[in-house]
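The values are calculated or read from the model by the stated rules, or taken from the named source; none is laboratory data. Please read all numbers here as calculations on a predicted model, not as lab measurements. Because the Cβ atoms are built from the backbone with ideal geometry, glycine has one as well, and the counts that use them run over all protein chains shown.
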Amino acid sequence: MLAENGDTRQDLTLIVDIDANQTNEREDPLIKVGEPLIVDVVFQNDDIGAITLYFVDDAIAVGSPASPDSVGGIYLEIRNKATNQLYSGSLQGVPPIINGSFDYEDLHVLQSRRRCSVRVIFEPQQLAAMNMGVGEYEIRAYYNNPNRGVLPATAPDGSTPTATPMFQDQGVWRGRINSKIVTFEISP
């Protein structure tokens, strides 16, 4: 067996990267007021086997849910470094924890020793609506999935799968990981 599929024993890393054209004197990413904040959430598979991830494309939560295990998928936590204020946006579109089968189009297979990324763009209007102005901020990404996925009763093409399936579940990675904190600055 090359790897235990679908469990926290697999070596999965989450990285946050701010796409900025400039840096401040501390080499932190720097964006100007009126520019978008571009965040790349990178999954890195350091394991020798493939990892199957569950997340809905374009459904990234902003904020910190009261119960982290109540949200499945990717979410970002942004704090004002000076005031420690937590910024929140919408959890809309982020699915609640699913205890059944995952839709196949929401499963993403990450091959061994590979990376994939999800890009999130906060337009200047969104930053203003979140009251994020001039200052220093910290951002961290989380990925959560407590469910390996139940094998569906029907295959994606509508046919009935074999009576004795080879696998007991969908083999989705189960666990919760977070990235390191990245500091960035919004300047006038």
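Points to keep in mind about this one:
- Of the strands (runs of 3 or more DSSP E) entirely within segment 121-188, none holds at least 3 residues that are among the aliphatic types (A, V, I, L, M) and modelled with pLDDT of 85 or more.
- In segment 133-152, residue nearest to VAL182 (Cα to Cα) [restricted to those that are surrounded by fewer than 20 Cβ atoms within 10 Å (Cβ to Cβ) and of a type in the set (A, V, I, L, M, F, W, C)]: VAL134
- Residue tally, condition touching a Leu at 6+ places or on another chain (Cβ under 8 Å) and closer than 17 Å to ILE121 by Cα, over segment 47-61: 2
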